[in-house]
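The values are calculated or read from the model by the stated rules, or taken from the named source; none is laboratory data. Please read all numbers here as calculations on a predicted model, not as lab measurements. Glycine also receives a Cβ, built like all others from the backbone with ideal geometry; neighbour counts cover every protein chain displayed.
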Amino acid sequence: MISTKGRYSLRIMLDLAEHRNGSYIPMKDVAKRQGISLKYIERLLPALKEGKLIDSLHGKGGGYKLTREPEQYTIWEILLLSEGDLAPVECLKEHSEQCSRSGYCKTLSVWQGYYKLIKEYFSGITLADIMGNKVEYDYII
């Protein structure tokens, strides 16, 4: 399940993509457009910045902006940075200890297949792809 952290991080990144003009964008503007509290947004930004998805500038004229073009960001990388490991079961998580049942687990292939599906699906969608999605009402994603 994708949590609020992942969903909101995606909305923030999409907002930065749709409003990019070469300048830094104040997060208060993103918060207002997206209907997300600025305090909550500020908790999500460090992971996106550490992952080098966004850049920041403090002071007058400061804010945040994308470090690449929208077509160079996959939904998978955004969700992975904001959510952490997205493996559906503990035994598939990166750096997890090998399960004592893995040698004879009849359900392992089910979980591996599911994980592969979601990874391939989200890896095949970019910010640029969803920028073109039309909505009936004004802007909140």
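For the reader, a short list of remarks on this structure follows.
- Residue check, Lys32 of a type in the set (D, E, K, R), at pLDDT 95 or above and closer than 28 Å to Asp15 by Cα: yes
- Filter result (more than 13 Å from Lys5 (Cβ to Cβ) and either under 11 Å from the mean Cα position of the chain (by Cα) or loosely packed, with under 14 Cβ neighbours inside 10 Å (or both)) within segment 39-50: Lys39, Glu50
- Scanning segment 75-122 for residues that are loosely packed, with under 14 Cβ neighbours inside 10 Å, polar (S, T, N, Q) and in contact with a helix residue (DSSP H, G or I) (Cβ under 7 Å, 6 or more places away or on another chain) returns Ser96, Ser102.
- Matching residues in segment 1-49 - criterion: being of a type in the set (Gly, Ala, Ser) and under 16 Å from Leu79 (Cβ atoms): Ser3, Gly6, Ser9, Ala17, Ala47
- Segment 23-46, subset in contact (Cβ under 8 Å) with a residue 40 or more places away in the chain and out of contact with any Phe, Trp or Tyr (no Cβ under 9 Å at 6 or more places or on another chain), residue farthest from Pro70 (Cα to Cα): Gly35
- Qualifying helices (runs of 4 or more DSSP H) (wholly inside segment 64-141; at least 2 residues being closer than 16 Å to Leu10 by Cβ and touching a Lys or Arg at 6+ places or on another chain (Cβ under 9 Å)): 75-83
- Positions within segment 20-52 being in contact with a strand residue (DSSP E or B) (Cβ under 7 Å, 6 or more places away or on another chain), of a type in the set (A, V, I, L, M, F, W, C) and not in a helix (DSSP H, G or I), in sequence order: Ile25
- Leu86 being within 16 Å of Ile2 (Cα to Cα) and either over 15 Å from the mean Cα position of the chain (by Cα) or among the aromatic types (Phe, Trp, Tyr) (or both): no
- Verdict on Ala17 being at pLDDT 95 or above and either of a type in the set (A, V, I, L, M, F, W, C) or part of a strand (DSSP E or B) (or both): yes
- Qualifying residue in segment 53-60 (condition: over 15 Å from the mean Cα position of the chain (by Cα), exposed (fewer than 12 other Cβ atoms within 10 Å of the Cβ) and in a helix (DSSP H, G or I)): no
- Some residue of segment 1-8 being assigned to a loop (DSSP other than H, G, I, E, B), out of contact with any Lys or Arg (no Cβ under 9 Å at 6 or more places or on another chain) and farther than 25 Å from Gly132 by Cβ: yes
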